[in-house]
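A quick write-up on the structure given underneath.
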Amino acid sequence: MEGKDSKVEQKRHLKKQSGPKAERKKVRKQLGTPAGDDERKRNPKAFAVQSAVRMAKTFHRAQDLKAKKHHIPLVDRTPQEPPPIVVVVVGPPKVGKSTLIRCLIKNFTRQKLGDICGPVTIVSGKKRRLTFIECNNDINTMIDLAKVADLVLMLIDASFGFEMETFEFLNICQVHGFPRIMGVLTHLDSFRNNKALRKTKKRLKHRFWTEVYQGAKLFYLSGMVYSEYQTQEVKNLGRFISVMKFRPLVWQQSHPYVVADRMEDLTDPEMVRIDPKCDRTVSLYGYLRGTFLKNKGQVHIPGVGDFAVADVSFLPDPCALPEVQKKRALNEKERLLYAPMAGVGGVVYDKDAVYIDLPGSHVNQEQEEVRPTTELVQSLIGTHTTLDAKMSASRVSLFTGAAALTSGEVEEKEEEGLTSGPRENLVWDPEMRRERRKAVFIEDDNNSESSSEEDEDNEEEESDEEGRRIAGLREGANDKTKLKENQEPMTAPPVKRQKVVEEREAENESVVEVPAFADSEDELEMSEEEVGQKSEEEESSDEEGEEDAALEEGTIKPGDFSEEEGSVEEDNCESQVPDKEENKSNALSKMEDDESAEFCSESEGALRWKEGLQQKASEAFLRQQRSTPNLRKLVYGTVAEDDSDGEDGEELGGLFRVSRPEKGKKHRADGMDCSRFDPDGAHDWELEEMFDSIRDCFVTGKWEDDQDAATLLKQDEELYGDFEDLETGEVHNGKAGKQQDQANEESGDEEEEGETILRVEEDVTQKKKRLEKKRRLKERFDMEYDDEDATYFDDLKEVMQKQAELNRAEFEDVDDEMRIQYEGFRPGMYVRLEIPSLPCEFVINFDPHYPVIVGALGASEGNVGYLQMRLKKHRWHNRILKTRDPLILSLGWRRFQTIPLYHIEDHNGRHRLLKYTPQHMHCGASIWGPITPQGTGFLAVQSLAGTKSSFRIAATGVVLDLDKSVTIVKKLKLIGYPYKIYKNTSFIKGMFTTVLEVAKFEGASIRTVSGVRGQIKKALSTPAGAYRATFEDRLLMSDIVFLRSWYPVSVPHLYNPVTSLLMPVGQKDSWMGMRTVGQLKYDLGIRNKPNADSLYKPVIRAPRHFNKLQIPRELQKALPFKSKPKQDKTKGMTPKDLQRPAVIREPHERKVAALLTALSTVYNYKSKKAQTAKRTKHKDFLQQQDKAEEDKLKRQKEAKKKLYRMMGQKEKKRQRSSLKGGPQDD
């Protein structure tokens, strides 16, 4: 035993140190010559081409193998931060799916996960994230996950072999776009025999290759250690997953979709309390995949139905990639794991509560540091007083250095300011000796009584709501989305209230002054709108700044409160901010009603309205210019805010700016409305300094020496002054040419010689320049076209690469908010979709083990209409499909039940209805269903409930057309009977009921059962529906006439979406739609009543009497005498006189007759016996004769042989003697 267990160390290979081979190796090593080159030089003939044909075949095979690896290159549309790769783990029950996911998560993140519940997202590398989803045995889940999977890990129990679930999922993948598939063999430790293990591996591998493709990767998980797979095997599998490349699938690349990893119910609890069955508003969270998603579109949730999205927003990535990617591996902080449905990530979502895991809160030890994510929650838990108590005790100072006011004083001030009616004042009257209620009037025209009552009611409602929200928070239910939508932040409001008040003071100091007396109502509206716009912009910028600061400090999470809840009630002295959605008329009416809200005192425009009229007019003009509607704001909803810092540059005279190249100049130019002139300010153009500041901006100004206009004109005159008129041949000289002519006249031949030398030098210089230019052009040409290895495939890949780079660079410098307005939400973003009007069963029966997929629909995919398909029954499905039996289709994102009509196209183009699908052939199918793009694949299932059938995929196919162009017809045989026959013309009844029906079928072909063809001629007046028809031959009254016609069939309008996610937990795989007629009869116990006409009956044939053959007299004369019918006359009865009378014998005669009869009988018997003996004797005699004949022939044969032998010997002897020369007689 010990010898078997201990490993025997094998001997190490010893290199040869001596000998010719070692010497050759040493020489080769010293010279540095490769082994192949040495052999080629030493024996070149051995490496020469032996056969050109074989070389060509080898080359062709190599090229074929290379071309097989090529795929059609597609434009890479993956963003810089791609969404996590969806890894779906599929397999039958109890095959090890959850164990494998746990092991892979532990391999990547060093964390253990208990229950695999919902999608689990992890960071697997510097540039890659993975989302693991476990697929259970439900056919609905298999269909949904096959549509969104990027990689499928298909687990196979090696000890059992392939199961039907594996092949079903492979067929589903083939229909909906084939993702990458890797097989994983488990339960290999159950094999005790290595030979059986090897055979099983080989058999399963080749079967897997048959289903997927040749060479598909198949992993082996040999065994388990402590209920986990072996670390090295899991690590190898993880490495393959981390480096795998994916091909884009057509449906996924053309449709945005979200695999929801978190679901929250936003419905008002009060509504749920009043009506528990009310529709719910739900927000779904997840990574956006596929293509760009537009807001407020239509989506489909498989298993629920079609819905309109109320709002889409993007959130910070909860499982972000590491920022710095220079290092080799991830550190522990970057190994993130995000699985909200599985309770990982600090938050556990229950049906009616949210549990937050705070580290250190349940242990009696101080926490080292408070993380920003839990600071807000811990501050809420640590509170001992309610919010209203804190508010009542808080103090606010409106102005710096002013006395702080309590809430009671503020309410008194508000009551004083808001109440415009008489106020009660209790005064003691000594004369009357009682308290009298004195009505004190306060002159305040700012607010009416109704508005004050409304404000008080609103304040009471808000305080009640705040109290309810704080009570809910103290109970521990902290829902981020509910915080964002329904309540105000708890720690921030006092700080924010104080800050906003101080900022409003600064606003009031620099408020845009509205003209007290406008020239027209338009100016008044525009001035009011300008004030509202400015205050809105400043308020929004202040709030954004506050939120950013709070986010940096870590006190508030993004999305914890909205703008509406962050607003603070302002004092009457401050300017009221109009709502963004109010139009101009609302602004005008608000201004007329609330004049005191615009100005702190009434006297501020009424007394000084004449001062600075020119300045006010110019400001009104500028406001009117700016208030023109911005086209970009109308289209996209917001206006790009240009950074003022980037535009501050060197200004010349207020008109010109020095141009500076900027990175985002293009995008800001698109966002600017430059159709109006907007002067920056008034300038005094009479001053000389203003002229000098812009003089160099014009052509006549004093520029630099090389850019001065006069200098450039002079140079042009010298270069291009001389020209020749090609028509007349006349040479025109410029100034330079004329001066040169004068100089030539003055100078002599010496200057001419100098000029010739200069010209020669110039020609040489020009020649050199031309040669250099040609050389550069040739180099560029060679670089583009002389690439020997480049192929068409490489060029195509390069074009796609350039297009991908262009796509990425288009919006690279634009921030996310602006990009979303142009291109929508891009793939890779973590988005939140708010969907109203969802059925309450979706929330009540929510099960995180079933995936929730939100698939966006195209422009026309929300409509329902006629679809023409090509369908083929799956060869593994054991029953053929019947027309008008309901069928469940998976088409696009949807799963729905419909009633198909199967048909086939005849040679004449007619689409003939089929009762059943053909066995091994495609056929057409017409359904009423959702409009889906042509070329989309689909699969059909007969039932979703349970696994009754052996193979659940009933049929597969593809969409061909989206209209009702195909008319399906079925054969209809109309039967009639003749009631009058005139030679070849017959009157037929019973086929039609009215004359009009007959008129429609005039000229139609008809037939009898016996095969006589005919045609309908004309309708008869009586009986109704009868007609006259002609035939090839005369009919009989017993003939049946039938007409073959084609009747159009209408497609049934049934579109029933599968709502499996609305079923109760544990029953989601038992959705039952419309049942077939056979299922209904089976469930109700109804037996088919047989059709009486279809039963077999005994055939009773009445005897037929045929008339006698009548031969015409003329023909009888021509017949011979023998064949004349007279000879065939039967003899009549014998006359009575010719009949012999009966003889009556006497007794004696009777005895004699009996004796004679007995004697004759004996004689006959004896003669018969003698004849038999004679025959036997004769037979024996014949046999003896035959035997004697045979003996005789035998003796004759022997005698002949003897004679011939003697004659032959005699002949030989004679020939021998003749050769010796002896006498011939001998």
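Overview of values
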{"item": "Filtered trypsin sites (Lys or Arg not before Pro), the stretch 1101-1176: DSSP coil and at most 12 other beta carbons within 10 Å", "result": "1101, 1104, 1108, 1129, 1131, 1136, 1145"}
{"item": "Distance from the stretch 793-850 to the stretch 952-1027 (C-alpha centre basis), Å", "result": "59"}
{"item": "Difference of contour (0.36 nm per residue) and Cα-Cα distance, residue 775 to residue 80", "result": "246.1 nm"}
{"item": "Computed lengthening from residue 847 to residue 12, 0.36 nm per intervening residue step minus Cα-Cα distance", "result": "294.5 nm"}
{"item": "Mean Cβ neighbour count within 10 Å, used as a protection proxy, ranking 955-968, 67-80, 294-307 highest first", "result": "294-307, 955-968, 67-80"}
{"item": "Cα Rg, Dmax, the stretch 124-253, angstrom units", "result": "15.4, 48"}
{"item": "Förster radius 22 Å - calculated FRET efficiency between residue 1022 and residue 915 (Cβ-Cβ, nearest 0.05)", "result": "0.05"}
{"item": "Distance in nm between pseudo-label sites at residue 1138 and residue 67 (7 Å out along the Cβ direction from Cα)", "result": "10.5"}
{"item": "Over 29 Å (Cα to Cα) - which of 915/980; 97/147; 235/797; 126/217; 202/1068 fall in this group", "result": "915/980; 235/797; 202/1068"}
{"item": "Linear extension gain, residue 1110 paired with residue 313, 0.36 nm per residue minus alpha-carbon span", "result": "276.6 nm"}
{"item": "Inter-label distance, nm, simple model (7 Å from Cα along the C-beta direction), residue 246/residue 1055", "result": "3.0"}
{"item": "Inter-label distance, nm, simple model (7 Å from Cα along the C-beta direction), residue 686/residue 1118", "result": "14.3"}
{"item": "Rounded FRET efficiency, nearest 0.05, which uses the C-beta distance separating residue 127 from residue 805 and R0 of 22 Å", "result": "0.80"}
{"item": "Surface accessible to a 1.4 Å probe, residue 1053 within the full protein complex, Å²", "result": "110"}
{"item": "Residue-by-residue Karplus 3J(HN,Hα) for the stretch 894-909, coefficients 6.51, -1.76, 1.60, Hz, glycine and proline x", "result": "8, 10, 8, 9, 8, 10, x, 10, 8, 8, 9, 8, 7, 5, 8, x"}
{"item": "Summed residue charge, Cβ within 14 Å of residue 934's Cβ, Lys/Arg positive, Asp/Glu negative", "result": "-2"}
{"item": "13 Å beta-carbon shell around residue 298, net charge (K/R +1, D/E -1)", "result": "+1"}
{"item": "Heavy-atom accessible area order for 1063, 55, largest first, 1.4 Å probe", "result": "55, 1063"}
{"item": "Centre separation in Å (Cα based) which lies between the stretch 274-323 and the stretch 50-107", "result": "32"}
{"item": "Residue-level accessible surface for residue 1218, protein heavy atoms, 1.4 Å, Å²", "result": "70"}
{"item": "Heavy atoms of residue 233 accessible to a 1.4 Å probe, total area in Å² rounded to 10", "result": "40"}
{"item": "Efficiency of FRET from Cβ geometry, residue 796 and residue 112, R₀ 35 Å, rounded to 0.05", "result": "0.15"}
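The values are calculated or read from the model by the stated rules, or taken from the named source; none is laboratory data. Every value quoted in this text rests on a predicted model; they were computed, and no experiment measured them. Backbone-built Cβ (ideal geometry, glycine too); neighbour counts: all protein chains shown. We work out accessible area using only protein heavy atoms, side chains counted, and drop any ligands, DNA or RNA first. Shrake-Rupley method; radii C 1.70, N 1.55, O 1.52, S 1.80 Å.
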